């Protein structure tokens, strides 16, 4: 039975956490022995353990590459796997350091879920030491190549959707709880952005140009204080409410007529996939990984990223046309559930692991960094 160690320094609060967890569960179901390394006491640790994964709690610290590398080396010594997959930045840095210093006994794969902002040199070194760089969309792959990753080292494997996670009954009391939480009222149409801080300000600016009264829910940003200067200029017909991240946002989708994603740096949004799978009409920035999911006028609307006038027009158009909402929502549901089913993601990821093992064998062989690289003895702690 092949084994993989999935490493994630995040514990909650992002689509990357959900994507990594469900990928790991899918691999386990497909016959892989999965060891799941994640922060102790985190939400994802509890979820992984409840689903029967072998969980290894490990706290990786910010700006502590060598210390994190030493901690991961200890984990590997006690629970060796055939291949390691890094899913976030701190673990990727630590595994790169172990490989560079020839202390990584097995090949590693790095999954990149956002448009990379890693400096060229660091990305160049990591990509030559990793067996493969998995990009969750073609825009992520293109950005990796621009930062020095050889094309032959990149595999595009989109995030997958677990439909069963969404197809659960929403209890009336849960729906009422969310109505109270977002201060729902029937006098305003309810639209939302389910995302950490992106370009929410553009949509807030667009509201003043929308005649239909709306309540904009910002789910995942914590509070609206950062947007106070924009909100206080809005006409009274509109309302904006911000709430912190919550892993159980399923009932919220029942209250949202539209889901928006104003983001220019998205790899392939898990929240957007879920909204589409539920048949909710979507409007998204025409940028990055959004272009992999949404086809303009077919299964959603693409909007120029930083254009409040265009956002106002798209929102007003959708609110005014129920037939359009129904058509786009139905097509979006098919796209998410068929084209991006988790089973396909699991198959493609497993194929990457097998390819890396065939090419590199049990050891850490990969392209070498040059002897005069700053990483050879000069990496930051």
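No lab work stands behind these numbers, since they all come straight from the coordinates. Nothing here was measured: the structure is a model prediction, and the numbers come from that model. Here the Cβ is made from the backbone with ideal geometry for all residues, glycine too, and neighbour counts use every protein chain on show.
Compute the long axis of helix 15-29 from its Cα atoms, compare it with the longest principal axis of the Cα atoms of the chain, and write down the angle in degrees, 0 to 90, nearest 10.
60
Once the piece of chain linking residue 225 and residue 103 is laid out straight, how much longer is it, given 0.36 nm per residue of separation minus the C-alpha distance between them?
Extra length available between residue 225 and residue 103 comes to 39.3 nm.
Mark the label point 7 Å from the Cα of residue 1 along Cα→Cβ and return the residues of region 14-57 whose backbone N is within less than 12 Å of it.
28-35, 53-54
If each residue's Cβ is checked for other Cβ atoms within 10 Å, how do 97, 124, 311 rank with the fewest at the top?
Ordered by Cβ neighbours within 10 Å, fewest first: 124, 97, 311.
If you average the C-alpha positions of region 108-134 and of region 1-39 separately, how far apart do those two centres end up, in angstrom?
Rounded to whole Å, the Cα centres lie 19 Å apart.
Quick one: plug the Kirkwood hydrodynamic radius of region 164-339 (C-alpha pairs) into Stokes-Einstein at 10 °C, 1.306 mPa s, and report D in µm²/s.
Answer, rounded: 99 µm²/s.
Determine the calculated [θ] at 222 nm for the chain from helices alone, applying -39500 (n - 2.57) to every DSSP H run no shorter than 4 residues and normalising by the residue count; nearest 500 deg cm²/dmol.
-12000 deg cm²/dmol
With a point put 7 Å past each Cα toward its Cβ, work out how far residue 185 is from residue 354 in nm, to one decimal.
5.9
Give me 229, 9, 238, 87 sorted ascending by neighbouring Cβ count inside 10 Å, so fewest comes first.
Going from sparsest to densest Cβ surroundings: 229, 238, 9, 87.
If each of residue 320 and residue 43 carries a label point 7 Å out from its Cα toward its Cβ, how far apart are those two points in nm?
3.8
Taking N as the number of residues in the chain, what value does Rg over Cα atoms divided by 2.2 N^0.38 Å take?
Compactness ratio reported: 1.03.
Consider a paramagnetic label point 7 Å from the Cα of residue 208 along Cα→Cβ; state which residues of region 269-313 have an amide N under 13 Å from it.
308-309
Can you tell me the 0 to 90 degree angle between the C-alpha axis of helix 120-129 and the longest principal axis of the chain, rounded to 10?
Taking the Cα atoms of the chain, the angle to 120-129 is about 60 degrees.
Listed highest first by mean packing, meaning other Cβ atoms within 10 Å per residue, what order do 62-72, 319-329, 264-274, 36-46 come in?
264-274, 36-46, 62-72, 319-329
What list do you get for 120, 245 if you sort them by fewest beta carbons within 10 Å?
If I rank by nearby Cβ atoms, fewest first, I get 120, 245.
Extension gain residue 121-residue 347, at 0.36 nm per residue separation less the Cα-Cα distance, in nm?
78.2 nm
Taking 0.36 nm per intervening residue step and subtracting the Cα-Cα distance, what contour gain separates residue 67 from residue 232 on full extension?
So the chain would gain 54.8 nm between residue 67 and residue 232.
Where does helix 322-334 land angle-wise versus the long Cα axis of the chain, in degrees 0 to 90, nearest 10?
Once rounded, the angle reads 20 degrees.
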